[in-house]
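Here is the structure we will look at, set down as structure tokens.
Values in this text are rule-based calculations from the coordinates and carry no lab data. Please read all numbers here as calculations on a predicted model, not as lab measurements. Neighbour counts are summed over all protein chains in view; Cβ atoms, including those assigned to glycine, are modelled from backbone coordinates with ideal geometry.
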Amino acid sequence: MRQNAPLLWHEATRSYIVSRYEDVERVFKDKAGEFTTENYDWQIEPVHGRTILQLSGREHAVRRALVAPAFRGSDLRDKFLPVIERNSRELIDGFRHSGSVDLVADYATRFPVNVIADMLGLDKSDYERFHGWYTAVIAFLGNLSGDQEVARAGERTRVEFAAYMLPIIRKRREEPGDDLLSTLCTAEVDGVRMSDEDVKAFCSLLLAAGGETTDKAIAGIFANLLAHPEQLEAVRADRSLIARAFAETLRYTPPVHMIMRQSATDVELSGGTVPAGSTVTCLIGSANRDEERYRDPDTFDIFREDLSATNAFSAAADHLAFALGRHFCVGALLARSEVEIGVGQLLDAMPDLRPAGGFVPVEHGVFTRGPQSLPVRFTPVSG
């Protein structure tokens, strides 16, 4: 596609598919105001309600200013790093003496959801409900075939999550604490506060986006490192390389494989013109393997010189896994903290980590993608 059909009309999804790095980068950065997120009106609003992703201009800037401080700087460092460390350790304590674990089922799918629930001050014993909800939401987003049962399950999730969250939000407004939910309920920028519906929609988005993506990123890092033992040993010896392993995993096996935008005007891209009002499907997985952008793009190499780990978690990133521009992932630094702490603690607990019985992980998924299972063995260490 990159070579022969860089702009492809796809009848089944009623969208134009772009697959080259330069085109996806242009759509995301959108310096000329050619693309909007109006596609989220039908793509995500039915499951989350109206979220920050759908906003633009001043409305978007104010809402982002309300939520962003919690995900960077002193709030992230002082409030939430201890939460991340505690939740990772609690999960590892459940298997550190067993000598074997499925890193997906027993760690990766649980860790980020537990962190987000803990950050929000929600009851982690409701993990199964959170996981069920975000799984239904992700299935809805990836429901390219239009399966009606998947659509109904996603829409049910919006109703169930609202019934769960709105009473908690109201109580937190009356009795704010030191948690992220209280911060969201009381934050104010330029005289604007988030409504109960705003807060609920953001929490729904946070659970789905923060759970599904970090889950698949952690699984992907270990799958990639286990397939390249010399790089695994390099990371084990020098933990500062975890950031490089994360950045290269985001390029090589990104958790989110496609993001859609809508054209505001007729736009010229490689291969032709996208008419105004069209849905544009950006293939992140393809763009991140573009041979015009990366040397040996189908090779996993944490030491590659054409990818910067320094910028990988900012809007100046030279991979596309977090998008770019004004809608760059607000949780990128939280994800980095979760991955660096989680991977570091796992390596400490599993000094001779190896695949179980020659198991070869297989990626699953279209919209989001990652290993469904990753059974490993190790020699338990005390402590």
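So here's what we get for this one:
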| read-out | value |
| --- | --- |
| Separation between Cα centres of the stretch 96-128 and the stretch 330-377, rounded to whole Å | 13 Å |
| Overall dimensions of the stretch 86-160 by Cα: Rg and Dmax, Å | 15.0, 45 |
| Shape call, the stretch 133-290: gyration tensor on alpha carbons, a/c limit 1.5 | oblate |
| Karplus 3J(HN,Hα) series, Hz, for the stretch 289-306 with 6.51 cos²θ - 1.76 cosθ + 1.60 (x for Gly, Pro) | 10, 6, 5, 6, 10, 10, 6, 6, x, 8, 10, 7, 8, 5, 9, 4, 8, 9 |
| Within the stretch 1-36: backbone nitrogen closer than 16 Å to the E45 label point (7 Å, Cα to C-beta) | 36 |
| Placed amide H near F35: partners under 5 Å, 5+ positions off or other chain | A264 |
| Simple label model, 7 Å out from Cα along Cβ direction - E188 to R173, nm | 1.4 nm |
| Most to least packed among 24-37, 226-239 [average Cβ atoms within 10 Å] | 24-37, 226-239 |
| Dipole magnitude of the chain, debye to nearest 20 (Cβ charges: Lys/Arg +1, Asp/Glu -1, about Cα centre) | 320 debye |
| Residue among P297, A309, F328 farthest towards the positive dipole end of the stretch 280-383, charges placed on Cβ | F328 |
| Segments 177-185, 300-308 sorted - mean Cβ within 10 Å per residue, highest first | 177-185, 300-308 |
| Whether the chain is rounded, prolate or oblate, judged on the alpha carbon gyration tensor where a/c under 1.5 counts as rounded | oblate |
| Cα-projected label distance for L166 with D93, points at 7 Å along beta-carbon direction, nm | 3.8 nm |
